[in-house]
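First up is the structure itself, then whatever we jot down about it.
Since every read-out is calculated from the coordinates, none of them should be taken as a lab result. From a predicted model like this one, the values you see are computed outputs, not experimental measurements. Cβ sites come from the backbone with ideal geometry, for glycine too, and all protein chains shown count toward neighbours.
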Amino acid sequence: MLLTLREAYNQFKIESPSGEYIPLHSHTSKEQGLFLQNILEEIRPQRSLEVGLAYGISTLFILEKHREFENKTKSHIVIEPFSWGGVAEHNIEKEGLAEYVEIRYQRSDEVLPRLYFDNIRIQFAYIDTTKVFDTVLQDFYFIDKILDVGGVVVLDDCNGKWPGVQRVARFINVLPHYKLMAAHNKSNLTLKKKLANLAISKFIKLIPFKDKIHPTSDFESDIDLGLDYNCLVFQKVSDDERKWDWDKPF
Ligand SMILES: C[S@@+](CC[C@H](N)C(=O)[O-])C[C@H]1O[C@@H](n2cnc3c(N)ncnc32)[C@H](O)[C@@H]1O
């Protein structure tokens, strides 16, 4: 692991451009960062994308792999509209990884359509951004357009903690051209909660005409669907061949 990451996790602080160490927050955990690196090992992307830089913790995990794979310059695109004091840039530079990254300082809805327009292709995407449903959905929409078959899209903050993100995860899960490939950090429910969940799930399935009354809802629980994890990896298994009238509750 990079020295900057080891220090950051040991001290819960990260070095700013002035040399001062500031408290770390909103970052990807060490375990999840290592999980991302395992996925990167499996996929071996030549080009990747990330939405949400913040202090650049996940970016450092990803860039370390790009260097190891001896990928081209600017093989990782990161989108971040807000200023985080240049902390990520400082640490990327310090680790000698600046050549592998291109940071776009705009909102994802300003950058992603342009990448699609410019015919950029990627094989790995990590979405760790706002938790607003329609923003995350549009991120996925354009990522799907530029993601090669065999590539993956990784969603952070699932598991129902952020319903806006979970809805996007449930939507991707019903798409015929994606499959759930891997997951990290399963929800830790108490036995009481697990049993309540099971009972409610079974009860809902028994309600007659529920699909007629709520045709847009899928009544399977996140647990039943295997979506009760913080981080979900969906692999694109084919091109999008849905017809104009395709629909599925999620
Ligand atoms: C949880 S933090 C990302 C943490 C980072 N992945 C890490 O591990 O250090 C979420 C980031 O998404 C950014 N963000 C919020 N809305 C965004 C948008 N519309 N487009 C791109 N980034 C956005 C925030 O400014 C913030 O930096």
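Numerical summary
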| read-out | value |
| --- | --- |
| Low-density loop cleavage sites - chymotrypsin sites (Phe, Trp or Tyr not before Pro) in region 1-39, where at most 10 other Cβ are within 10 Å (DSSP) | none |
| Ranked by how many other beta carbons lie within 10 Å on average, peptides 39-51, 216-228 from highest | 39-51, 216-228 |
| The chain: antiparallel DSSP beta bridges as a percent of all, rounded to 5 | 45 percent |
| Backbone HN-Hα couplings from phi across region 93-110 [Karplus 6.51/-1.76/1.60, Hz, Gly and Pro as x] | 4, 4, 8, x, 10, 4, 5, 8, 10, 10, 9, 9, 8, 9, 6, 4, 6, 8 |
| Kirkwood Rh (inverse of mean 1/r, distinct Cα pairs), the chain, angstrom | 19.2 Å |
| From phi via Karplus (6.51, -1.76, 1.60), per-residue ³J(HN,Hα) for region 118-135 in Hz, x at Gly/Pro | 7, 6, 6, 10, 10, 10, 8, 9, 10, 9, 9, 9, 4, 9, 7, 3, 5, 5 |
| Trypsin sites (Lys or Arg not before Pro) within region 209-250, DSSP loop, no more than 15 other Cβ atoms inside 10 Å | Arg242, Lys243 |
| Least to most buried among Asp156, Asp239, Asp211, Asp148 (fewest other Cβ within 10 Å first) | Asp239, Asp211, Asp148, Asp156 |
| Lys13 long-range amide H proximity, modeled H, under 5 Å | Leu24 |
| Degrees between helix 30-43 axis and first principal axis of the chain (Cα, 0 to 90, nearest 10) | 80 degrees |
